[in-house]
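Here the structure comes first, spelled out in structure tokens, and everything after it is commentary.
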Amino acid sequence: MAAPEAELVLKWESFHMSAEMSRTDREQALLRESVKEEDTEDWQRSPDFNGLERVGGVDLSFIKGDDINACAHLVVLTYPQMKVLYEDCKMVTLNAPYMAGFLGFREAPPLLQALENLKNVQPHLMPQVLFVDGNGLFHYREFGLACHLGVLSDLPCVGVAKNLLHVEGVVRSEEHQSQINALKKSGDSFPLTTASGRVLGKALRSSQSSIKPVYVSVGHRITLDTAVRLTHTCCLYRVPEPIRQDLRVFWGPGEVLTSPDICAFFSCL
């Protein structure tokens, strides 16, 4: 049996976490109301995205065995050439606790700071659209990291996940696998339809060389069809280039990068 002091600590921690989740839930609901599932830019309505010149990608890369320290990475590429215009990474410490369904409150601040730093030093290189390594509306609270970043940065955002998040009846099943098998060529896709009938994203075969799809969803200020079409045009391989450039660090079997080394490792690739 726990000592009285320990029981009080546990009760306080439980109360504090419950209050924090309640506050976060209210804040997320307010932010969710601001998500725009529409094409707001002229280039989005163009068949070849005429007028789009810069695409960005953001990601947090965690050190193996450490879920507190990470490298916040931002890259901006030319479109459609996919040449690097700007690249930045910075070691950050994540102070917010992890709460399921509220990842944006933990991971968005350092990524928003990276965008703000770019805006301050080279505003002409700000991306016109941002790809996020993660989900947008395809999320069990319909407000993934791509939505969080989109609303707070007011940039068009696209969520692209490499793995399927189980959301409202959309699960990795035989039916889901059969739908994947039906994606015969690059650019083929199928909707991710929840049990309630809402389409929250699409599975996209992004490359002819890979049968594994990526999962695309709206983050902010873009329609799902435009997000899927744009994602496909940005794919030289399975993962769209703005995200792939963020994920170039490879940890081999048993290899561990320490905090001082990880950003240097990024910048030298």
Test set (1) more than 21 Å from V121 (Cβ to Cβ); (2) touching a helix residue (DSSP H, G or I) at 6+ places or on another chain (Cβ under 6 Å) - Y86 fails condition number: (1)
Answer yes or no: is there a residue in segment 220-230 that is part of a helix (DSSP H, G or I), modelled with pLDDT of 95 or more, surrounded by 15 or more Cβ atoms within 10 Å (Cβ to Cβ) and of a type in the set (S, T, Y). yes
Residues (closer than 15 Å to F131 by Cα, among the β-branched types (V, I, T) and touching a helix residue (DSSP H, G or I) at 6+ places or on another chain (Cβ under 7 Å)) located in segment 55-83: V55, V58, V75, V76
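From the list R45, R23, pick out the single residue that is open to solvent by 80 Å² or more (accessible area, probe 1.4 Å) and at pLDDT below 95.
Details: R45 fails: at pLDDT below 95.
R23 is the lone residue from the list that is open to solvent by 80 Å² or more (accessible area, probe 1.4 Å) and at pLDDT below 95.
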What do you reckon, is A195 touching a Gly at 6+ places or on another chain (Cβ under 7 Å) and farther than 15 Å from G104 by Cα? yes
Considering segment 65-100, residues that are among the small types (G, A, S) and closer than 21 Å to G219 by Cα, and then whichever is modelled with the highest pLDDT, we arrive at A72
Checking the structure you have, find out if any residue of segment 154-177 is assigned by the TED database to the domain that holds R45, in contact with a Phe, Trp or Tyr (Cβ under 7 Å, 6 or more places away or on another chain) and part of a helix (DSSP H, G or I). no
Just give me the residues in segment 240-255 being open to solvent by 20 Å² or more (accessible area, probe 1.4 Å) and modelled with pLDDT of 70 or more, in sequence order. R244, Q245, L247
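Determine whether S209 is among the hydroxyl-bearing types (S, T, Y), over 18 Å from F143 (Cα atoms) and open to solvent by 60 Å² or more (accessible area, probe 1.4 Å). Reasoning before the result, please.
On the way: among the hydroxyl-bearing types (S, T, Y): yes; over 18 Å from F143 (Cα atoms): yes; open to solvent by 60 Å² or more (accessible area, probe 1.4 Å): yes.
Taking the combined requirement at face value, the residue satisfies it.
Where in segment 48-147 are the strands (runs of 3 or more DSSP E), entirely inside, with at least 2 residues that are of a type in the set (A, V, I, L, M) and open to solvent by 70 Å² or more (accessible area, probe 1.4 Å)? Full working, then the answer.
Values: elements: 54-62, 69-78, 84-93, 129-133.
In segment 48-147, the matching strands (runs of 3 or more DSSP E) lie at 84-93.
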Touching a Leu at 6+ places or on another chain (Cβ under 9 Å), modelled with pLDDT of 95 or more and either among the small types (G, A, S) or in the same structural domain as C147 (by the TED database) (or both): is that true of L103 in this structure? no
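The values are calculated or read from the model by the stated rules, or taken from the named source; none is laboratory data. These numbers were taken from a predicted model, which means no experiment stands behind them. As a convention, Cβ positions derive from the backbone with ideal geometry for all residues, glycine included, and neighbour counts pool all protein chains shown. Please note that ligands, DNA and RNA were not included when accessible areas were found on the heavy atoms of the full protein model with its side chains. Shrake-Rupley method; radii C 1.70, N 1.55, O 1.52, S 1.80 Å.
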